[in-house]
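I have placed the structure first, in the form of structure tokens, so that the comments after it can refer back to it.
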Amino acid sequence: MNEKPQLRRVASSFATGVVVVTTMADDSPVGTTVNSFTTVSLDPALVLVCLQRGSRLLSAIEESGVFAATVLAAEQRWQAQWFANRTRLADATAFAGVATGRAPVTGCLVLGEGLAYFDCRVHELLPGGDHAIVLGEVAACGELGPGEPLLFSGGRYVGVDPGRHRAGSTAGSAAAGSAGVSSGSGLSTSATAAAVTTRRNGMTSTTQMTANTPNAIR
Ligand SMILES: Cc1cc2nc3c(=O)[nH]c(=O)nc-3n(C[C@H](O)[C@H](O)[C@H](O)COP(=O)(O)OP(=O)(O)OC[C@H]3O[C@@H](n4cnc5c(N)ncnc54)[C@H](O)[C@@H]3O)c2cc1C
């Protein structure tokens, strides 16, 4: 009996949040949607993600030794779908139209409209069958803004009124340059940057045209 479908189905009854994990590969940012994120230890501060062997993100993290995880808000559903889509380009253009800032220690990209971020150095890479367990030491973390989390359960995104715009991600505040990143978040963003606000799949997002954006990196 093939137990994989059964395991997938049963495992999907465990509801999770969703993060986008980013790192740098040859000076170009890469990012992937992940729901295996877990906090592990407070002292030392450790988190983990389980990444598929052979994936671009795992190879890039093995190379760079750093990663950042952005906890997604409910209205970032399209970003979760995009960063899980295998047809997306494997370079900075994957971040076009996505508000980003730099994590303060590693410089990995953080999605500005998220709820929170963890900025990590790889502590240990452990075998985990067809996945690798990436244990990260949290070098910095912070809240990005208020809002409801994006949840994943039963193989789909669920809850919490995902169509509702939260404060800080509306076109008006984004155009003012905040991009949903609250002050004191520790993120490196430019207050003087020009902000380009776009709507995609009904969602508003802002691209900061600064050295913090993939547009400027490439
Ligand atoms: C809600 C949600 C949660 C997720 N959580 C996790 C998680 O915790 N861990 C995790 O590893 N993934 C997770 N995924 C899946 C992950 O987001 C996608 O597989 C993503 O495309 C991986 O991107 P990548 O660039 O890292 O890997 P990719 O390079 O896209 O590789 C991913 C896998 O697909 C294979 N592959 C790549 N291109 C092709 C192709 N053209 N034809 C056939 N096979 C191909 C690779 O060999 C590898 O096994 C999640 C997806 C969703 C929607």
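Things worth noting here:
- Over all projection directions, the Cα-based convex hull of segment 55-151 averages an area of 6.5 nm².
- FRET efficiency for Ala15 and His131, using Cβ-Cβ distance with R0 set to 30 Å, rounded to 0.05: 0.95
- From phi via Karplus (6.51, -1.76, 1.60), per-residue ³J(HN,Hα) for segment 37-48 in Hz, x at Gly/Pro: 5, 8, 7, 10, 8, 8, 9, x, 6, 10, 10, 9
- Under 5 Å between amide hydrogens, built in the peptide plane, is the criterion, and for Ala73 it picks out Leu115, Leu150 among residues at least 5 positions away or on other chains.
- Scalar couplings 3J(HN,Hα) for segment 58-66, obtained by applying the Karplus form with A = 6.51, B = -1.76, C = 1.60 to θ = phi - 60°, are 4, 4, 5, 5, 4, 6, 7, x, 9 Hz; x denotes Gly and Pro.
- The loop-placed chymotrypsin sites (Phe, Trp or Tyr not before Pro) in segment 11-78, going by DSSP, that have at most 12 neighbouring Cβ atoms within 10 Å of their Cβ come out as Phe14.
- Amide hydrogen neighbours beyond the local backbone of Gly128, cut-off 5 Å, H modeled: Ile133
- Under 5 Å from the amide H of Ala140 lie the amide H atoms of Asp119, each residue being 5 or more positions distant or on a separate chain, with H modelled from the backbone and absent for Pro and chain starts.
- The label-point distance for Lys4 and Arg121, in a model that sets each label 7 Å from Cα toward Cβ, rounds to 3.8 nm.
No value in this document is a laboratory result; all are computed from the given coordinates. No experiment lies behind these values; they were computed from the predicted model shown. Using ideal geometry, Cβ is built from the backbone for each residue, glycine included, and neighbour counts are taken over all protein chains shown.
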